[in-house]
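Working notes, beginning with the structure itself.
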Amino acid sequence: MTLIDHTKSDVSALAQSVVTAAMNANEVRGVGAGPIQVVASTSSDPLQVTVTAVQSHVGFLGGFGLQSSNISVRSVARVMGKPNICVLGLDPSDSGTIEMWSKARLTAQNCAVYSNSTSTDAIASKQHATMSATMICSVGGASGMKDAYKPQPITDCPIFDDPLASRAAPAFGGCSVNKLRLVDQVITLQPGVYCGGITIGGTSAVTFAPGEFVIKEGPLIVTDHASVTGEHVGFYLTGKDARFSFGTNTTITLTAPVSGAMAGLLFHESRDQKTSVTHEINSDNARMLLGTIYLPQGELRIDANKPVADQSAYTAIVVRKLRLFSGPNLILNTNYGSTTVPVPEGIKGVGQPVALVQ
C-alpha cells in the first residue's frame, strides 16, 4: 500500500483488517490458537509502514503438559518514489530560503517541504512559528526550537531539481491592454497581454475569464476592498516589476487552467527576470488558490491573519524564497483526485511505488 491517500491514524486499523481477513480466509487459527494482535507503525525517514502480528498458541509439549507460546511475524513496506512536493525553495545558498516568523504556521498535508539552500539555517523558524509536513528536508540545515517542526527536519538532503525547469512558457503577442486601472468597477476581463500591469482597487469585483493572462512590465495589484475571481486562469509574469500583490482586505478566489501551456499553473514567473521581485499575499480571504505557484526568480511573502489556501484541493509552491510573517496559517492540501486541475509533472509523487523490504 502507499501512504498517499491515508493518514497515519488509518494505518493500524487498515493493517488489522487486512491481517484478520487473510487469517480467516485461510482458516489457520487451529486448535488452541488465541486472538491475533496486530501493531502497525509508520515512519517518515524513510516513509514506510511496519506491521507486526502476534498470535498465542497453547499445546502439549512432551511430558510437561500444556505450554503457551507466541508466533510472531513482521513485515515492512517502504515507499520508494519521490514524495509530493508542497513547498520547494530553490535558492542554492541563502539563509531563510524557507522562513517563518512570529505565530506563522505552515501545514503541508501529505507532502514535503524542501529547501535547496546549503545555508545552516536554510529552513528557519523564529518566534514560535511552526511547520508540519510528511517530510521536512534541507540540503543545508534548519534552525529554531525543536517543537517548531513536526517531524524534525532532515538535513544534508540531496538537491531536489526544479520539477518545472523544462516547463515551456506560454506564447503571446503584442499588448492587448496598457496600464489597466480599475476602481469601484464590476467587470469581466478577457485573456490577453496586459502591458504595464493591472491595478484593482476600491470595491471593484473583477472576474477573470478562463485562459492565460500575461502580466508584462508591471504588477498585478489588488488592494482596498476589491475582490477577484477566476476559474481556470493562469498568470504569466514577465518583464520589469512583473509581480503580484494582494492587500489585507481583498478577496482572492483563483483556480489554475485545466489545459494549455499554463495547465496546473496558477502563477508562472519568467525565468528570464533580470532582478528578483517580491510577491505578496496579505489577504485575509485568499482561501482558494488552486494550482501551482511557480516563481523561480522571486520571493513569496505571506502575511495574513486568516488561513490561506485551505479551501483548495491542492496548492504547490515552487519559489526562490518563501517567507511567512506575523500570523498566517498556510495550509497546502494534496487532494489531487477531487479536482480537474492537473498536477504538474514532478509535483505529485511519481506513482509512490512501494517495495516490501522485510
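Only the coordinates and a few stated rules stand behind these numbers; no lab work does. These numbers come from a predicted model, not from an experiment. Please note: Cβ atoms are built from the backbone with ideal geometry, for glycine as well, and neighbour counts cover all protein chains shown.
For the range 85-338, the Cβ-based charge dipole about the Cα centre amounts to some 160 debye (Lys, Arg positive; Asp, Glu negative; other atoms uncharged). Computed from the C-beta positions of Ser259 and His57 and an R0 of 41 Å, the FRET efficiency is 0.10 to the nearest 0.05. Sorting Thr97, Thr334 by the number of Cβ atoms found within 10 Å of their own Cβ, with the fewest placed first, yields Thr334, Thr97.
Ordered by the count of other Cβ atoms within 10 Å of each Cβ, fewest first, Lys274, Lys103 give Lys274, Lys103.
Pop out the Kirkwood hydrodynamic radius of the chain from its pairwise C-alpha distances, inverse of mean 1/r, in Å to one decimal. About 22.4 Å for the chain. For the range 205-358, a simple Cβ point-charge model (Lys and Arg +1, Asp and Glu -1, everything else neutral) yields a dipole of about 320 debye relative to the Cα centre. In this rough spin-label picture, where each label sits 7 Å from Cα along the Cβ direction, the Asp224-Ile154 distance is 5.0 nm. Where does helix 8-26 land angle-wise versus the long Cα axis of the chain, in degrees 0 to 90, nearest 10? That helix lies at roughly 40 degrees to the long axis. Residues Leu237, Leu220, ranked from the fewest to the most other C-beta atoms within 10 Å, line up as Leu220, Leu237.
Under a 5 Å amide H cut-off, with hydrogens placed 1.01 Å from N, Arg287 pairs with Ile252, Ala309 among residues at least 5 apart or on other chains. The residue among Cys137, Gly202, Tyr114 whose Cα reaches farthest toward the positive pole of the charge dipole of the range 94-202, with charges on the beta-carbon of Lys, Arg, Asp and Glu, is Gly202. Highest average first, the peptides 208-219, 281-292 ordered by how many other beta carbon atoms sit within 10 Å of their residues are 281-292, 208-219.
Available extension along the chain between Glu345 and Gln67 is 94.3 nm, counting 0.36 nm per residue and deducting the alpha carbon span. The helix-only estimate of mean residue ellipticity at 222 nm for the chain, built from DSSP H runs of length n ≥ 4 each weighted as -39500 (n - 2.57), is -2000 deg cm²/dmol after division by the residue total.
Under a 5 Å amide H to amide H cut-off, with H placed in plane at 1.01 Å, what residues pair with Phe244 once short-range neighbours are removed? Amide H neighbours of Phe244: Leu220, Glu280. Near Thr118: Cβ cut-off under 12 Å, other residues only, Lys/Arg at +1 and Asp/Glu at -1. The net charge is -4.
When peptides 141-151, 122-132 are sorted by average Cβ neighbour count within 10 Å, with the highest value leading, the order is 122-132, 141-151.
Our coupling estimate for the range 284-296, obtained by passing each phi through the Karplus curve with A = 6.51, B = -1.76, C = 1.60 and θ = phi - 60°, is 8, 9, 10, 8, 10, 10, 8, x, 10, 9, 10, 10, x Hz, Gly and Pro reported as x. Sequence-distant contacts, meaning Cα pairs under 8 Å at least 6 residues apart, place the relative contact order of the range 258-309 at 44 percent. Cα centroid separation, the range 279-342 to the range 87-134: 14 Å. For the chain, the residue among Ile71, Cys175, Gly247 whose Cα projects farthest onto the positive side of the dipole built from Cβ charges is Ile71.
Applying the Karplus relation 6.51 cos²θ - 1.76 cosθ + 1.60 with θ = phi - 60° to the range 310-325 yields 3J(HN,Hα) values of 5, 8, 8, 4, 8, 9, 10, 10, 10, 9, 5, 9, 10, 9, 10, 10 Hz, where x marks Gly and Pro. A dipole drawn for the chain from +1 and -1 charges on Cβ atoms has a positive end, and of Ala25, Cys86, Ile347 the residue lying farthest that way is Ala25. Counting only lysines at least 8 places from Lys126 when in the same chain, those with an alpha carbon closer than 17 Å to its own are Lys103, Lys146, Lys150, Lys321.
Normalised by the number of residues in the chain, the average gap of Cα pairs under 8 Å and 6 or more apart makes the relative contact order 15 percent. Modelled label positions at His128 and Asp272, each set 7 Å beyond Cα in the direction of Cβ, lie 4.8 nm from each other.
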